[in-house]
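Colleague: What follows is a single structure, and I will ask about it in a moment.
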Amino acid sequence: MWERVKEGDPISPFLFVVVMEALSCLIDKAGEVGVFSGIELPNDGPVLSHLFFVDDTLIIGIWNVENATNVVRILRCFYACSGLKINLGKSNLYGLGG
């Protein structure tokens with residue numbers, strides 16, 4: 001009855017946007033309740049916590065164990081809700097500052 005959406009399917013970009021909106025909401029909610037801290041931009045700028053590109057996601061936050069642990073929790077929740085697994089072979093974790 002249900003067919004899987006294949007790469008190149010015309011509806012794929014729309015589905016990506018819908019699913020990434022859900023991840024965006026999870027990250028925003030985590031920031032609102034204080035379990036994830038993004039980076040505050042200078043001169044009273046906004047808090048930057050994530051950016052989405054065509055097929056990439058950049059999650060940006062304060063470099064500490066609690067933040068990193070909660071990002072993992074957010075991604076696990078995202079996987080449980082969407083069925084989309086994070087490809088760890090294509091993922092990187094970078095720490096800046098100190």
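Colleague: Ile60: net charge of surrounding residues, Cβ under 15 Å, Lys/Arg +1, Asp/Glu -1, itself excluded?
Modeller: Surrounding charge for Ile60 is -3.
Colleague: Now, a different point. On the accessible surface of the range 16-98, probed at 1.4 Å, how many percent belong to carbon and sulfur atoms? Please list the in-between numbers first.
Modeller: Values: 3740 of 6280 Å².
Result for the range 16-98: 59 percent of the exposed heavy-atom area is carbon or sulfur.
Colleague: Classify the range 54-98: rounded, prolate or oblate, from the alpha-carbon gyration tensor (a ≥ b ≥ c, eigenvalue square roots; a/c under 1.5 rounded; otherwise prolate if a/b is larger than b/c)? Please list the in-between numbers first.
Modeller: On the way: a/c = 2.40, a/b = 1.49, b/c = 1.61.
Oblate.
Colleague: Give me a comma-separated list of calculated 3J(HN,Hα) values for the range 42-49, in order, Karplus coefficients 6.51, -1.76, 1.60 applied at θ = phi - 60°, integers in Hz, x for any Gly or Pro.
Modeller: Taking θ as phi minus 60°, the curve returns x, 6, 6, x, x, 8, 9, 10 Hz for the range 42-49.
Colleague: Restricting things to alpha carbons, tell me how big the chain is in terms of Rg and Dmax, in Å.
Modeller: 15.1, 54
Colleague: How large is ³J(HN,Hα), in whole Hz, for each residue of the range 82-96 in order, when computed from phi with the Karplus curve 6.51 cos²θ - 1.76 cosθ + 1.60 and θ = phi - 60°, using x for Gly and Pro?
Modeller: These are the phi-based 3J(HN,Hα) values: 9, x, 8, 8, 7, 7, 5, x, 10, 9, 9, 10, 10, x, 10 Hz.
Colleague: Determine the gain in length on full extension of the stretch Thr57-Glu40; use 0.36 nm per residue of separation and subtract their C-alpha separation, reporting nm with one decimal. Before the final figure, lay out the partial values.
Modeller: Details: separation 17, 0.36 × 17 = 6.12 nm, distance 1.88 nm.
So the extension gain works out to 4.2 nm.
Colleague: Let me ask something additional. Using a 1.4 angstrom probe, figure out how much accessible area the range 1-74 has per residue, in square angstrom, rounded to the nearest whole. Could the numbers behind the result be given before it?
Modeller: Values: 5820 Å² over 74 residues.
Spelled out: the 1.4 Å probe surface of the range 1-74, per residue, equals 79 Å².
Colleague: What are the ³J(HN,Hα) values, in whole Hz, obtained from phi via the Karplus relation 6.51 cos²θ - 1.76 cosθ + 1.60 with θ = phi - 60°, for each residue of the range 22-38 in sequence order, with x given for Gly and Pro?
Modeller: Couplings: 5, 5, 4, 5, 4, 5, 4, 5, 4, x, 4, 8, x, 9, 9, 10, x Hz.
Colleague: Related question: Using R₀ = 41 Å, calculate the FRET efficiency as 1/(1 + (r/R₀)^6) where r is the Cβ-Cβ separation of Val47 and Ser12; round to 0.05.
Modeller: In this case the efficiency is close to 0.85.
Colleague: 7 Å from Cα along Cα→Cβ at both Val72 and Lys29: what's the point-to-point distance in nm?
Modeller: 2.2 nm
Colleague: Tell me which lysines have Cα within less than 27 Å of Lys29's Cα, excluding those fewer than 8 residues away on the same chain?
Modeller: Lys85, Lys90
Colleague: Ser37's amide H: which non-local residues (gap 5+, or another chain) put their own amide H closer than 5 Å, with H modeled 1.01 Å from N in plane and none for Pro or chain starts?
Modeller: Hits under the 5 Å cutoff: Ile62.
The values are calculated or read from the model by the stated rules, or taken from the named source; none is laboratory data. All values reported here derive from a predicted model rather than from experimental measurement. Cβ coordinates were reconstructed from backbone atoms using ideal geometry, including for glycine residues, and neighbour counts include every protein chain displayed. When the accessible area is computed, the model is the full protein with side chains, heavy atoms only, and any ligands, DNA or RNA have been set aside. Shrake-Rupley method; radii C 1.70, N 1.55, O 1.52, S 1.80 Å.
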